[in-house]
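Have a look at the structure below before the remarks.
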Amino acid sequence: MDLSTILGIGAAFGLMLMAILQGGPLSIFVNVPSLMIVFGGTAGNTLVNYPFSDVFDAFNVAKKTILYKEQSINNLIVQLMEFANKARKEGILALQGAMENINDEFLIKAMQMAVDGQEPETLRNMLNTEIEYIQQRHEKGANIFLSIGTYAPAMGMVGTLIGLVQMLQTMDDPSSIGPAMAVALLTTFYGAVIANVICLPMAGKLKMRSEAELLTKTLIIEGMQSILSGENPRIMEQKLHAFIAPKLRESTFKK
């Protein structure tokens, strides 16, 4: 579970709620027409731009902003080095038994391809193709939230214009100015909150998660290609260490 996402959202809404309550009851920030304009208009625009299935998938992907277990790159490198040593001593077929204790489906697929006798370059090309499609799916999910973050403030402005028109047409009735002005201001407020507190930060987190996942998968490809090529373990380790910052590198060889 990603505590930074939970703490960030909690802090943003918590501080806004405290500020609202300092000036009056929360009920003054609840306006049904404004909610209808912003949420209804944003949902409609999103469905015009994207198929329903893509929008549904994007909200499933959004769970990764909270329910996410980060994989240690160093641990993965150590694991790949163990596989390399095992393959050098017992042969590439010895990796078949090692797959039983692995949870990473991409790593299992790479090892199975190696055990099946794929050439190093063929393995790289096939897995790189899979990475490209994974990247496209991830980008689609992040882009949907970016789009929602664009539509929500725009619908807020539409609601503001509606409220202003209603207010100007009823200037002779002071009792109607307040509700019309509430629609005008609260639609902008709702749109800004949806965009800047929820959707845009969520899109940024999804992009970061995607980059981390693709880095891990690229490292797996490099490692398995080195294993298939029978590369010297020290050279292989140096190659894999290029994926992480120097201060985070831990050698498996005793100095």
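Of all the listed residues (SER210, SER175), the sole one being within 18 Å of ARG137 (Cβ to Cβ), at pLDDT below 90 and part of a helix (DSSP H, G or I) is SER210.
Listed by first and then second residue, the pairs with beta-carbon distance under 9 Å, at least 6 apart or on different chains, first residue in the range 98-124 and farther than 19 Å from GLN71 by Cβ and in a helix (DSSP H, G or I), second open to solvent by 90 Å² or more (accessible area, probe 1.4 Å) and not acidic (Asp, Glu), are MET113/MET126; VAL115/LEU93.
Restricting attention to the range 159-178 and to residues that are crowded, with 17+ Cβ neighbours inside 10 Å and hydrophobic (A, V, I, L, M, F, W, C), the residue that is nearest to VAL55 (Cα to Cα) turns out to be ILE162. Counting only residues that are among the hydrophobic types (A, V, I, L, M, F, W, C) and farther than 28 Å from MET208 by Cα, the range 4-22 holds 5 of them. Filtering the range 230-252 to residues that are in a helix (DSSP H, G or I) and modelled with pLDDT under 85 leaves PRO233, ARG234, PRO246, LYS247, LEU248. Considered as a group, the residues in the range 183-196 that are at pLDDT 90 or above, open to solvent by 30 Å² or more (accessible area, probe 1.4 Å) and of a type outside the set (Ser, Thr, Tyr) include one that is farthest from ILE148 (Cα to Cα), and that residue is PHE189.
Among MET155, MET202, MET224, which is farther than 30 Å from GLY8 by Cα, hydrophobic (A, V, I, L, M, F, W, C) and either in contact with a helix residue (DSSP H, G or I) (Cβ under 6 Å, 6 or more places away or on another chain) or not in a helix (DSSP H, G or I) (or both)?
MET224
Of the residues making up the range 205-226, just one is closer than 18 Å to SER147 by Cα, open to solvent by 20 Å² or more (accessible area, probe 1.4 Å) and either free of Cβ contacts under 8 Å to residues at least 60 places away in the same chain or among the aliphatic types (A, V, I, L, M) (or both), namely MET208.
The values are calculated or read from the model by the stated rules, or taken from the named source; none is laboratory data. Remember, it's a predicted structure, so these values are computed and weren't measured experimentally. Glycine also receives a Cβ, built like all others from the backbone with ideal geometry; neighbour counts cover every protein chain displayed. All accessible areas refer to the heavy atoms of the entire protein, side chains included, with ligands and DNA or RNA removed. Shrake-Rupley method; radii C 1.70, N 1.55, O 1.52, S 1.80 Å.
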